[in-house]
1. I need the calculated FRET efficiency for the pair S222 and I34, taking r as the beta carbon distance and R₀ as 60 Å, to the nearest 0.05.
2. What FRET efficiency comes out for K359 versus D538 if R0 is 60 angstrom and r is the Cβ-Cβ distance? Round to the nearest 0.05.
3. What percentage of the solvent-accessible surface of the range 345-398, computed with a 1.4 Å probe over protein heavy atoms, is contributed by carbon and sulfur atoms?
4. Quick check: residue separation of S278 and K214 times 0.36 nm, minus the Cα distance between them. What number comes out in nm?
5. By how many nm would the segment from R240 to S601 lengthen if fully extended, with 0.36 nm per residue of separation less the alpha-carbon distance?
6. Return one whole number: the accessible area per residue of the range 445-604 in Å², for a 1.4 Å probe.
7. Under a 5 Å amide H to amide H cut-off, with H placed in plane at 1.01 Å, what residues pair with Y258 once short-range neighbours are removed?
8. When the accessible area of the range 426-557 is computed with all protein chains present and a 1.4 Å probe, what percentage of it is carbon and sulfur?
Amino acid sequence: MESTVKPKTMGQEINLLKSIRRIEPRNVALGLLIGCFLVTFAYFSITKFDTFRFFMVNSPSTENVATPSGAFVQNMVSVDSEQPDTGPSRKESFSKDVPQIDLDNEAQNVPTGGENRNISSINSNNSSIISKIDLISEESVESTVQELDDSIIEVTKETTDACDKKHELCSTRNESASNKASTNTPISSTVPPSIDWKLSDTTIENKSKTEIKKQVPLCDLSQRRIDKCEIEGDVRIIGRNATVMWVPSPESDGGPDYERKVWQIKPYPRKEDPAAMSHVRIVTVKPTDGPDDAPACMDHRDVPAIVFSDRGYTGNYFHDFTDVLIPIFTTARRFQGEVEFLVTDFRIYWIMKYLPIFKNLTKYDLVDFDSDEQVRCYKKAYIGLTSHDDFGIDPDRIPERYTLVDFTRFMRTTYGLERDIAEIPIQKTLGRKPRLMIVARAKTRRFMNLDEIVRAAEKLGFEVVATEATNELVKFSVVVNSCDAIMGVHGAGLTNMVFLPINTVFIQILPWGGLEWVAGNYFKRPVEKMKLKYLQYDITPEESTLIDEYPRNHTVFTDPASIRRQGWNAMKEVFLDKQNVRLNIKRFRPTLKKALKHLNSEDS
């Protein structure tokens, strides 16, 4: 059996080779050319919807028309009247090279309705069209092109309908069509009357309606000192429940769209300090599903609200300023009084102490947040204060670019203080000696030889005011403002520098213990930003009363860093609570001379 089949097969192959040798080379080349053209034509027809470009002829009168899918359609113009009488016609040229598409009834096969219509069915129709390609006869060029245009228009309508239903492939299709629209050549003014060009506007309108606004978080937890929230729109606050709600109602239209997430905020600027935050009340900040999911407003305000706590370390004079008063100034000053304060952990005695400051920042009564049962409604609310650093303001982080100079000027204005800038040289300008305030602490870090220090300062040419800071800020601020220099051992009493005129002198006596970082962060840096002259005097072990409690070779003197490494409480107990100061007048005198020179110099 194998011997009979093999010769027959070999004979067929020989005949096939002979047939191939008889094919003329030009026919082979023509066949390859036609094949390449068909493949290229099919590719562009399927992926670009631009099949009709292969049938374009130059037209002297053209214009652009947008299709419903956002692309440009180029329509065939009759060429009979434009061709010269001599030479081959364009139709004859087309008949030799351009394939013909049989479009009989193809447009009827394209889906025109139904919920299950999608991009896949459209691509299927395109594939059906391309599969029927044949050579175009000379007599059917015009009719074939017209049928092709109609079919493409129907396919384009189907693409638009599918895109209106947000099909996942639409974004890619529309981007491609949009990119081509900017580079397409104009089309003929003879647009087929069957196209509903109003669909283009409908598509654009539907697209804008389906665009989703990017959601943003209600609160910002990225800052080092405090977590805070800034909310716009329909904001409803119930203090007794410690709840702040954002309501996506018509009043919120045009504002941000917030993430549907619940936040727990402690509105006090020491979030990394558990001891300070342990007594601060949590405020819940959350979005609602709409007006029906929120309590009705009982009190409408056209001004923003600021929610903050007056607990933490407040009660310490320094922390009163660094944790609340400077941050509330930074947050609220821009509103020029048109803002309402809602205070959680409300302590009336503390509020009363600084009432002039609050009254200069808001025209409204302060609200005891924790006891408030009303549903208060605002268009904007801040939960937490703007706090940049210990006793600091960073002007680059706020639009108004406030500085510590602005804050101290605000303080002098609030308390009606006369001097804004020191009248240097004091002796020559005012006809009196420069006035030095010595902050005399009564408990820890006391001056053990205060009388000796006063006599030395007076002998050099100062008028000395030695006093302990009091809670009567209205009166005490006047005394501070009348002075030209202030000095004291590191502590909260030096915070009264906020009442000094610009260009006066600040002298910090630093206790033993390697506390340069405390001196720098808490006083040196802010003092310089207030435009005051900063001087520092570091005492020796012999000037500290610790020498009376520990031998000179104790680690308190030989390795104070080992005490600091034990933590804040250990460091505070030894170097702040147990230590008093006995200044070496001879060693301290040059510091006083520097201050006096600055105040009496005409170059200061």
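1. Working from the Cβ atoms, E equals 0.35.
2. 0.90
3. Carbon and sulfur atoms account for 47 percent of the accessible area of the range 345-398.
4. Contour length minus the Cα-Cα distance gives 19.5 nm.
5. 124.1 nm
6. Counting only protein heavy atoms, the per-residue value for the range 445-604 is 45 Å².
7. Result for Y258 returns V216.
8. Ligands and nucleic acids excluded, carbon and sulfur reach 50 percent.
The values are calculated or read from the model by the stated rules, or taken from the named source; none is laboratory data. Nothing here was measured: the structure is a model prediction, and the numbers come from that model. Methodologically, a virtual Cβ is constructed for each residue, glycine included, from the backbone with ideal geometry; neighbour enumeration extends over all protein chains shown. Side chains included, ligands, DNA and RNA excluded: accessible areas come from the protein's heavy atoms. Shrake-Rupley method; radii C 1.70, N 1.55, O 1.52, S 1.80 Å.
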